[in-house]
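Presented below is the structure to which this report refers.
The values are calculated or read from the model by the stated rules, or taken from the named source; none is laboratory data. Everything numeric here is computed off the predicted structure, so don't read it as measured data. Because the Cβ atoms are built from the backbone with ideal geometry, glycine has one as well, and the counts that use them run over all protein chains shown. When the accessible area is computed, the model is the full protein with side chains, heavy atoms only, and any ligands, DNA or RNA have been set aside. Shrake-Rupley method; radii C 1.70, N 1.55, O 1.52, S 1.80 Å.
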Amino acid sequence: QVPDAGTQHGGRVLEPSEPALRRLAHHLLAHYQKGTRPVRDWRTTTNVALDLMVYAILSVDEKNQVLTTYIWYRQHWTDEFLKWDPAHFDNLTEISLPVESIWVPDILINEFVDVGKSPHIPYVYVSHHGEVQNLKPIQVMTACSLDIYNFPFDVQNCSLTFTSWLHHIRDINLSLWRQPELVKFDRSVFMNQGEWELLYVLSRFREFSVKSSDSYAEMKFYVVIRRRPLFYTVSLLLPSIFLMVMDIVGFYLPPHSGERVSFKITLLLGYSVFLIIVSDTLPATAVGTPLIGIYFVVCMALLVISLTETILIVRLVHKQDLQPHVPEWVKHLLLEKATILLCIRDRKKFSQTKPTPYVCEDPRECGAAGGTRSALAFAGRAEGSAALQEVLRETTAIRQLLEKREEFRDVAREWLQVGYVLDILLFRVYLAAVLAYSITLGTLWSVWRDA
């Protein structure tokens, strides 16, 4: 019964002119017991309806596996001791009451790892039917199993599990405030300008028990977010791709010059500096390595292989006086078979040629050679004059030296041909490996981005 104006109520005299809000608050809380569940029959289950809206993704800590979000959280339940007749209180149908003065369900988030900086909301809304609405924003720091293998095209699925820490399902049951479809695609309050994009929020109810004890109710929300990869594509992938393209272009430098080796060493040093700069940008975990980290390591290995191939080719085509002849099997494989396989147009210059007889480059050499034959005849007639024999020995030594030099030129020319063919062969193998690797990674990242 609602006391009439001017009568005593709980030792307090209610004045006729007292506002309806004060009279109603005193009427509801004068004998309220917040220490017990608000039901008249203890067999009655208190049903708590939950709702969640994601406002912002504050941070994703891959190393510590922690997700920090800012959510709008709503609870709704019926308190049988907070009902009244609006006609007795100036048709007042809703009132806000201090949250410390009434019973509140002990619903927590299982994945909580730290208390965030959430604003304190001191009031709840109560309707005349006893329906209590507890609306509050929460900064949630929760544990989440983050999979960074697909970085920067990764999609993360983190759960927020709401459950009563103490009460069984026969005391407190959980349900969803809105329809699951409305919760799933609700981005009305989401701040959509950060690194992460909210895809959807799934909801699922589950009843579970611990060690064959009484059952508990839990409501689980799956927050699915996707990273925006544009920043990482521009700052990580494109510079690496440009350096690899320059490495491929470096194969068009002449192999017999030392500029190619210097160019590739410079690229390798530049890529090393690039990896040092971007190492802080890559996410680090103790569980696994993102694919982009493997991509950088493989690119570094390809640069090392390219430099090794260049050093090998320069070593082959470099002229040395003590170079041996090219083995016949090498000539057969590279100068005959490989030229056909590689579709080299000018194959004639790589074909084997028979050594041509020595032709004097200097008229004085030919004169010396002719003088040698005359000297032989004259020496025969003069019965081995000592002076002419000395001239004969010197002239013969000069001729042998010139023939030896021409032989060294032929050997160097053969190795130069082998080096050019081998350089083309290794370049195309290297190019095929780079293209296959790039196509594989591009396909994987495209599938992950569009998933």
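Looking at region 323-334, is at least one residue modelled with pLDDT of 85 or more and exposed (fewer than 14 other Cβ atoms within 10 Å of the Cβ)?
No: zero hits.
Condition check: open to solvent by less than 50 Å² (accessible area, probe 1.4 Å), under 23 Å from S215 (Cβ atoms) and not small (G, A, S). Does D79 satisfy that? Full working, then the answer.
On the way: open to solvent by less than 50 Å² (accessible area, probe 1.4 Å): yes; under 23 Å from S215 (Cβ atoms): no; not small (G, A, S): yes.
It is false that D79 is open to solvent by less than 50 Å² (accessible area, probe 1.4 Å), under 23 Å from S215 (Cβ atoms) and not small (G, A, S).
Scanning for something over 28 Å from the mean Cα position of the chain (by Cα) and closer than 30 Å to R40 by Cβ, does region 182-195 turn up at least one residue?
Looking through region 182-195, none of the residues is over 28 Å from the mean Cα position of the chain (by Cα) and closer than 30 Å to R40 by Cβ.
Would you mind finding the one in T285, T289, T281, T266 that is more than 30 Å from E414 (Cα to Cα) and open to solvent by less than 40 Å² (accessible area, probe 1.4 Å)? So that I can check it myself, show each step before the final result.
Working: T289 fails: open to solvent by less than 40 Å² (accessible area, probe 1.4 Å); T281 fails: open to solvent by less than 40 Å² (accessible area, probe 1.4 Å); T266 fails: open to solvent by less than 40 Å² (accessible area, probe 1.4 Å).
Checking each option against the conditions leaves just T285.
Which residue out of V126, V140 is on the phi < 0 side of the Ramachandran plot, modelled with pLDDT of 95 or more, touching a Ser or Thr at 6+ places or on another chain (Cβ under 9 Å) and open to solvent by less than 70 Å² (accessible area, probe 1.4 Å)?
V126
Inspect all residues belonging to region 108-122 and state whether any of them is out of contact with any Pro (no Cβ under 9 Å at 6 or more places or on another chain), more than 30 Å from L282 (Cα to Cα), of a type in the set (D, E, K, R) and assigned to a loop (DSSP other than H, G, I, E, B).
Within region 108-122, not a single residue is out of contact with any Pro (no Cβ under 9 Å at 6 or more places or on another chain), more than 30 Å from L282 (Cα to Cα), of a type in the set (D, E, K, R) and assigned to a loop (DSSP other than H, G, I, E, B).
Under 30 Å from G288 (Cα atoms) and open to solvent by less than 50 Å² (accessible area, probe 1.4 Å): which single residue out of F112, F162, F89 fits that description?
F162
Taking the options S215, S188, name whichever one is hydroxyl-bearing (S, T, Y) and open to solvent by 40 Å² or more (accessible area, probe 1.4 Å). Steps first, answer last, please.
On the way: S215 fails: open to solvent by 40 Å² or more (accessible area, probe 1.4 Å).
Unique residue meeting the criteria: S188.
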